[in-house]
1. Asn147 versus (1) open to solvent by 60 Å² or more (accessible area, probe 1.4 Å); (2) under 24 Å from Ala85 (Cβ atoms); (3) part of a strand (DSSP E or B); (4) not charged (D, E, K, R): which is the lone unmet condition?
2. Which residues, counting only those in region 50-97, are among the basic types (Lys, Arg) and either in a strand (DSSP E or B) or within 17 Å of the chain's Cα centre (by Cα) (or both)?
3. Kindly evaluate Tyr46 against the criterion of being among the aromatic types (Phe, Trp, Tyr), touching an Asp or Glu at 6+ places or on another chain (Cβ under 7 Å), at pLDDT 95 or above and on the phi < 0 side of the Ramachandran plot.
4. Looking only at region 45-71, how many residues end up being among the aromatic types (Phe, Trp, Tyr) and open to solvent by less than 10 Å² (accessible area, probe 1.4 Å)?
5. Within region 101-132, which residues are surrounded by fewer than 14 Cβ atoms within 10 Å (Cβ to Cβ) and under 17 Å from the mean Cα position of the chain (by Cα)?
6. Mind checking which pairs have a first residue in region 160-171 that is closer than 17 Å to Val188 by Cα and a second that is surrounded by fewer than 16 Cβ atoms within 10 Å (Cβ to Cβ) and not hydrophobic (A, V, I, L, M, F, W, C), Cβ under 6 Å, 6 or more apart or different chains?
7. Right, Ala187: crowded, with 21+ Cβ neighbours inside 10 Å, among the small types (Gly, Ala, Ser), in contact with an Asp or Glu (Cβ under 9 Å, 6 or more places away or on another chain) and without any contact (Cβ under 8 Å) to a residue 60 or more places away in the chain or not?
8. Take Gly128 and decide whether it is in contact with a Pro (Cβ under 6 Å, 6 or more places away or on another chain), assigned to a strand (DSSP E or B), among the small types (Gly, Ala, Ser) and at pLDDT 95 or above.
Amino acid sequence: MLLASAFTLQVRSQDLVKFYQGGKAGYKDKSGKVIVEPKYDAGSDYFEGMALVIQGRKRGFLNSKGEVAIPFQYDDASVFKGGLAKVGKDKKYGYINKEGKTVIEFQYDFADDFINGLARVSKGGKYGFIDPTGKEVIALQYANARNFGEGVAAVKDGAKWGFINDKGVFVIPAEYDDAVIFYQSNAVVAKDGKRFYIDHNGKFVKDMPKHDEEEEMHGRKGGDNDKDKK
């Protein structure tokens, strides 16, 4: 275990550090030596040995040496998680590996990052969840969906929101006008013009203070058709 921890720390220490100069992003090593001159319009931190960078209107990826490992060809992209990155071009989304190979075809109108082995996607106005092989683990059948949090996800079935588990089974009935992801054992829902907290059993916990409503309902929704930032 100690060896594993030491190895993890060593790998992380090898990642380059992002900096900005003159409005452009570049990367330095841990000693402060510039490895990548500040020439990109924006850049992410390193995730899994890769950094997402933007040049003009296109996204690409740098490897741990600061070299362009995946060319600037994507209109949208997110950082690598679990060996895969969501990328978009020509208004469709798919997933690539660290070699830049497409492993899940560009077929979705919207796609999100993988969280605990599942990614939220939509096609033809319907939402569901896929695994890293592209298999629909939870069929694209919902009018909308949020990301998973604490083992459940809010989905819109018809006109109402409820919560499903990772098998696609409703654990809290679809009876709410809106719902967000679970956080610290509670989720915010809306019903009959009121917003309040429920627990994992769907039981009422407390009303939501008025000043917290906007932050909760918009800041923790887990996105509708929001495009992920770097």
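1. (1)
2. Of region 50-97, the ones among the basic types (Lys, Arg) are 57-59, 65, 81, 86, 89, 91-92.
If the condition is that a residue be among the basic types (Lys, Arg) and either in a strand (DSSP E or B) or within 17 Å of the chain's Cα centre (by Cα) (or both), then Lys58, Arg59, Lys81, Lys86, Lys89, Lys92 are the ones that fit.
3. Judged against the criteria, Tyr46 is a match.
4. Keep residues of region 45-71 that are among the aromatic types (Phe, Trp, Tyr), which gives 46-47, 61.
Applying the additional criterion that residues be open to solvent by less than 10 Å² (accessible area, probe 1.4 Å) yields 61.
Qualifying residue count for the region: 1.
5. Within region 101-132, the first condition is being surrounded by fewer than 14 Cβ atoms within 10 Å (Cβ to Cβ), and the residues that meet it are 101-102, 105, 107, 116-117, 124-125.
Asn116, Gly117, listed by residue number.
6. Correct list of pairs: Lys160/Glu175; Gly162/Pro173; Val171/Asn165.
7. Details: crowded, with 21+ Cβ neighbours inside 10 Å: yes; among the small types (Gly, Ala, Ser): yes; in contact with an Asp or Glu (Cβ under 9 Å, 6 or more places away or on another chain): yes; without any contact (Cβ under 8 Å) to a residue 60 or more places away in the chain: yes.
Yes, satisfied.
8. Details: in contact with a Pro (Cβ under 6 Å, 6 or more places away or on another chain): no; assigned to a strand (DSSP E or B): yes; among the small types (Gly, Ala, Ser): yes; at pLDDT 95 or above: yes.
Spelling it out, it is not the case that Gly128 is in contact with a Pro (Cβ under 6 Å, 6 or more places away or on another chain), assigned to a strand (DSSP E or B), among the small types (Gly, Ala, Ser) and at pLDDT 95 or above.
The values are calculated or read from the model by the stated rules, or taken from the named source; none is laboratory data. The structure presented is a predicted model; accordingly, all values stated were derived computationally and were not measured. We place every Cβ from the backbone using ideal geometry, glycine too, and count neighbours over all the protein chains shown. What goes into the accessible areas is simple: the full protein's heavy atoms, side chains included, and nothing from ligands, DNA or RNA. Shrake-Rupley method; radii C 1.70, N 1.55, O 1.52, S 1.80 Å.
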